[in-house]
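Beneath this line is the structure, given in structure tokens, with notes to follow.
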Amino acid sequence: MRKGQDRLRVLMGGRDDGARRTGGPRGPRRELPRMDRGKWGIFALGAVALWAFASIYQVDTSEKSVELLFGQPYAVRDDGLNFAPWPFVTYQIIGVTRERTIDIGTGRDPMDSGLMLTRDQNIVDLTYQVVWNVSNPEQFLFNLADPEGTIRAVAESAMRDIVARTELAPILNRDRGVIATDLEQAIQATLDSYQAGINVVRVNLGRADPPAEVIDSFREVQAAQQERDRLEKEADAYANRVLAAARGEAAALVEQAEAYRAQAVNSAQGEAARFNSVYDEYVKAPDVTRRRMYLETMERVLGNVDKVLIDGEAGQGVVPYLPLNQLNSTPAPRTGANAGAGSAGTATPTTTTPQTGTN
């Protein structure tokens, strides 16, 4: 203790009292050199330089620093030169933009299993990757003891919950993107509730297969299901084609019926209107109308019949064996007797009724 006191006194600029004393077990002591003001200035400058070196620090553009005042969070500093008076203020630098990854379901660890149970009681083997970075350095440092372990546990729990609500087929093919989005949102919501200061950048889904022990049988089942789907689609296409043809034929029949109905109605209405007009004329002149109707009726009845009409008085001298059929090919001109007969009321169509005079 005495030696330490003497050395401290010498460093502080005093004299060593032991140097003036002689005797003792070690004999007389040698007087140490005294420190002048220049040496004290150099010592003070060196101490200040060391203190400044310990207090000034550099933060990179991809990092942020958390300053601690007596171990408690004090401030969060951005990139550049920062000053933290040591030893009262300390700091920790955290990378915030660097993306970090956690692989789950790879099977490297016996506890890292990707086997999960789906809603339809099937087992699927999944591998996926969580990409994350730090959004709040203060929360990241003080709210999580094991950030990677926490993210792994949260991701596994969220994935098992999503798989338990989904059937196997969508997981293997069409819903992979939807599952990745739902998983990212679930992990982020859970970490935000923990105030972990972590941002989930994205989730990458890897392998999604049945267990290795049954994968061959599963592929056979998948092939059979695809064949069934193909046959069902062909049957649906045939049904649609036949149904469309039947509907078209039914529509055509309906249109034809509508056309026939319209034609029948119009024809009936026309006949009724014609009858009404004839009746009106009949009321005005019954004899003339009856005669005209009789002539029109006889014209329709006898119009297509091969016939020869002979006036009774003029035909008394007709030879019985006269070839009358030949008269149709060369119609004879009308005579005065025929004209008189026609005016007497005998219907003699000129197109098919050749008449003779005094044969």
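Every number here is computed from the coordinates shown, using simple stated rules; none is lab data. Keep in mind that what you see is a predicted model, and the values were worked out from it rather than measured. Methodologically, a virtual Cβ is constructed for each residue, glycine included, from the backbone with ideal geometry; neighbour enumeration extends over all protein chains shown.
A few notes on this one:
- Environment charge at Glu167 (Cβ cut-off 12 Å; Lys +1, Arg +1, Asp -1, Glu -1): +1
- Per-residue Cβ neighbour counts within 10 Å put Asp6, Asp192, Asp60, Asp120 in the sequence Asp120, Asp60, Asp192, Asp6, beginning with the fewest.
- Considering only alpha-carbon pairs that sit under 8 angstrom and 6 or more positions apart, the relative contact order computed for the range 142-214 is 35 percent.
- For a label point 7 Å along the Cα-to-beta-carbon line of Val221, residues of the range 113-130 with backbone N under 13 Å: 118-125
- Sequence-separation-based contact order of the range 112-258, relative, with Cα cut under 8 Å and 6+ spacing, percent: 32 percent
- Reach of Lys64 by Cα under 16 Å, taken over aspartates and glutamates that are not fewer than 8 positions away in the same chain: Asp78, Asp79, Glu99, Glu138
- Modelled label positions at Glu167 and Asp109, each set 7 Å beyond Cα in the direction of Cβ, lie 3.5 nm from each other.
- If you plug the beta carbon distance of Ala47 and Gln92 into 1/(1 + (r/R0)^6) with R0 = 30 Å, you get a FRET efficiency near 0.75.
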